[in-house]
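The values are calculated or read from the model by the stated rules, or taken from the named source; none is laboratory data. Treat the numbers as computed from the prediction; the structure is a model and nothing was measured. Cβ sites come from the backbone with ideal geometry, for glycine too, and all protein chains shown count toward neighbours. Side chains are part of the model used for accessible areas, which takes the heavy atoms of the whole protein and leaves out ligands, DNA and RNA. Shrake-Rupley method; radii C 1.70, N 1.55, O 1.52, S 1.80 Å.
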Amino acid sequence: MKATAPPAKRRRGPRLAVLALVFCSLLVPIAFLFNRFPAVYVTDERPQQEINLPSFDRIVSGGSVNEDVSKKSSGSSSVLHRGIDSDPSIVSPKPKAIVFPPPKIQQEVLPPPEVEPKPEVKPVPVPVQVPVPVHHNKNINLDNKRPPRVQSADEVEKAKACQLEFGSYCLWSIEHKEVMIDAIVKRLKDQLFVARSYYPSIAKHKGKETLTRELKQNIQEHERVLSESIVDADLPSFIKTKIERMDQSIARAKSCTVDCNNVDRKLRQILHMTEDEAHFHMKQSAYLYNLGVHTMPKSHHCLNMRLTVEYFKSMPLDPNDSSAHKFNIPDNRHYVILSKNVLAASVVINSTVSSSEDTENVVFHVLTDAQNFYAMKHWFARNSYRESAVNVINYEQIIFENFPEFGTQQLYLPEEFRVFISSLERPTEKSRMEYLSVFSHSHFFLAEIFKDLKKVIVLDDDVVVQRDISFLWNLDMGDKVNGAVRFCGLKLGQLRNLLGRTMYDQQSCAWMSGVNVIDLDKWRDHNVTENYLQLLKKFGNNDDEASLRASALPISLLSFQHLLYPLDERLTLSGLGYDYGIKEEVVQSSASLHYNGNMKPWLELGIPDYRKYWKRFLTRDERFMDECNVSP
């Protein structure tokens with residue numbers, strides 16, 4: 001009889017490899033998506049205190065770190081942490097890993113509608129504003145916050161942990177939290193948890209087979225109902241009978257003699273599973289939130305595409321023909337805006353000219369990338385802003401043609417960092433989360449791009465100007481280069497391990513971008529660009545985008561630590577992109593508003609109470625906005 005060969009064993013290697021690839025393909029997009037705002041966790045610091053940064057290798061000159069910190073009267077700690085905006089599970093050992101690039105969002109290209117004849121250029125409405133002088137008072141105490149809700153120590157700790165991991169999503173979720181009002185659904189879930197905790201113990205009892213079957217059947221019926229109904233209105237009409245039947249089964253189970261430890265263990269197991277499930281759903285919600293705040297709205301993308309197509313299909317509408325002579329006159333008032341968003345740049349320009357008394361000598365230079373250049377150019381050719389002139393510049397082209405030695409030609413917008421500030425003296429006090437915006441790589445070449453200009457005011461594209469800021473042109477900054485609002489919640493001494501062994505003043509405050517007065521002559525005298533390139537070699541690599549953006553914080557702070565002219569804090573109100581607690585009267589009275597943070601005003605996720613101040617300066621009656629459903 002012929003022997004048969006044993007069946008061949010199945011090869012499991014390829015299956016495991018395929019599963020591993022699928023798993024990685026799911027993780028990589030999430031990691032890139034969350035790579036937006038790095039987080040720095042610091043505490044309020046007194047002048048004599050040292051700040052311990054355990055996430056970096058400490059630089060200590062003699063003595064024990066723990067002993068040195070324990071000698072302070074009111075201890076503080078500082079942790080560099082990356083939340084869900086980057087990678088919540090990793091603490092980087094290198095300073096240059098503090099920042100990671102934002103995700104590259106694939107934009108949906110919409111087919112352009114039919115091209116109509118060239119539209120008329122309509123002026124922007126100009127409301128009359130009274131300029132508000134700003135004095136240099138360093139001791140400003142504005143009660144601009146709504147009174148916070150009293151929280152327990154446990155709530156404070158949970159809020160801090162949530163913000164460290166998920167960032168501004170926690171603030172958004174608190175504001176949009178829905179209270180469960182479906183009492184019957186809640187009661188069904190409570191019954192299900194109690195029945196599950198008793199079922200294993202009852203199943204082990206001899207002679208309780210009937211009760212065991214009843215509990216099992218009731219549990220299955222409750223699970224089936226809850227899988228189909230999430231609100232009371234969806235429940236079937238016979239649900240009261242099921243609730244009564246489950247109550248009877250639970251009462252009989254409680255009357256049995258069972259080991260309470262087993263029931264307690266089962267209840268704790270169910271509790272832990274519920275907490276894990278809630279955390280999983282929170283991660284999902286945070287992912288969708290970050291997807292929403294980092295993705296260009298479809299209507300905005302449609303507007304860019306329509307403007308670009310119209311630029312090439314219609315007769316050129318070049319505003320530079322009549323106003324190009326203003327672009328290089330040093331005595332004019334030159335504003336510089338770095339932006340990739342047509343509407344954001346137009347709101348900055350519109351709000352500035354609408355709040356100014358005289359705009360005849362006002363010039364706006366909009367630096368944008370190659371992708372948005374033609375859309376920007378056509379938009380500002382279609383729309384005029386009183387007597388001001390708008391010069392749209394392709395940053396990537398001008399750097400590539402004139403300054404190839406500067407490395408990357410990509411346009412970088414102001415970099416933002418999440419900063420957490422708390423006090424160990426008051427542990428029950430809620431931590432403050434701030435978004436600190438600083439100059440990016442592209443800002444440090446302004447003096448080279450505008451060689452004929454002496455002074456410029458740099459405006460972020462998430463700024464709205466509400467008062468006349470023309471007085472800034474008359475500031476005498478002495479030998480200083482950068483006029484900026486200081487942020488003394490963070491000092492260089494708190495980042496000494498991030499800054500390394502570079503010489504710096506530990507009590508020097510950080511500063512904010514948004515509205516910055518730049519003296520280009522002093523910039524050139526102090527060789528700021530050359531010093532920046534030297535610091536870039538130390539802190540990062542200008543050929544690596546992640547390293548380039550990671551070094552923005554230390555380099556910006558070090559480049560201007562002795563060249564900073566402090567502007568009054570009342571000049572700019574920051575936090576409108578994440579802080580729900582700012583009083584409306586403070587917003588209305590501020591000279592300018594800075595929407596720093598995730599929730600930008602042009603997004604649906606923007607804070608509704610603040611979006612109206614931004615939308616007030618949107619251009620009206622624009623045909624392309626109507627076609628793309630961009631509602632003002």
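Within the range 391-417, the set of residues being open to solvent by 10 Å² or more (accessible area, probe 1.4 Å), touching a helix residue (DSSP H, G or I) at 6+ places or on another chain (Cβ under 9 Å) and within 20 Å of Leu459 (Cβ to Cβ) comprises Asn391, Val392, Ile393, Asn394, Ile398, Tyr412, Leu413, Pro414.
Taking the criterion of being part of a loop (DSSP other than H, G, I, E, B) and of a type in the set (Gly, Ala, Ser), the only residue of the range 231-251 that qualifies is Ser237. Residue count for the range 601-614 under the criterion of being more than 18 Å from Ile174 (Cα to Cα) and either among the hydroxyl-bearing types (Ser, Thr, Tyr) or open to solvent by less than 50 Å² (accessible area, probe 1.4 Å) (or both): the result is 6. For the range 469-509, a residue qualifies if it is of a type in the set (Ser, Thr, Tyr), surrounded by 15 or more Cβ atoms within 10 Å (Cβ to Cβ) and either modelled with pLDDT under 85 or under 27 Å from the mean Cα position of the chain (by Cα) (or both), and the qualifying residues are Tyr504, Ser508. Across the range 616-630, the qualifying residues are those that are of a type outside the set (A, V, I, L, M), assigned to a loop (DSSP other than H, G, I, E, B) and open to solvent by less than 50 Å² (accessible area, probe 1.4 Å), and the one among them that is nearest to His301 (Cα to Cα) is Cys628. Taken together, Ala286, Ala278, Ala253 contain a single residue that is crowded, with 17+ Cβ neighbours inside 10 Å and under 30 Å from Ala159 (Cβ atoms), which is Ala286. Restricting attention to the range 171-195, the residues that are touching a Leu at 6+ places or on another chain (Cβ under 9 Å), farther than 14 Å from Glu221 by Cα and open to solvent by less than 60 Å² (accessible area, probe 1.4 Å) total 3. Checked across the range 221-230, the condition of being assigned to a loop (DSSP other than H, G, I, E, B), more than 22 Å from Thr274 (Cα to Cα), modelled with pLDDT under 90 and out of contact with any Ser or Thr (no Cβ under 8 Å at 6 or more places or on another chain) holds for no residue.
One line per residue, one yes/no per condition, for (1) without any contact (Cβ under 8 Å) to a residue 40 or more places away in the chain; (2) assigned by the TED database to the domain that holds Lys454; (3) among the aromatic types (Phe, Trp, Tyr); (4) over 26 Å from Ala344 (Cβ atoms):
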residue: Pro554; (1), (2), (3), (4): no, yes, no, yes
residue: Pro566; (1), (2), (3), (4): no, yes, no, yes
residue: Tyr578; (1), (2), (3), (4): no, yes, yes, no
residue: Ser590; (1), (2), (3), (4): no, yes, no, no
residue: Gly606; (1), (2), (3), (4): yes, yes, no, no
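Figure legend. Inter-residue proximity from the range 232-246: first residues over 15 Å from Gln191 (Cβ atoms), second residues of a type in the set (Asp, Glu) and loosely packed, with under 11 Cβ neighbours inside 10 Å, beta-carbon distance below 8 Å, spacing 6+ or different chains. Indicated pairs: Asp234/Glu228. Report yes if Arg196 is assigned by the TED database to the domain that holds Met246 and in contact (Cβ under 8 Å) with a residue 24 or more places away in the chain, otherwise no. Against the criterion (assigned by the TED database to the domain that holds Met246 and in contact (Cβ under 8 Å) with a residue 24 or more places away in the chain), Arg196 qualifies.
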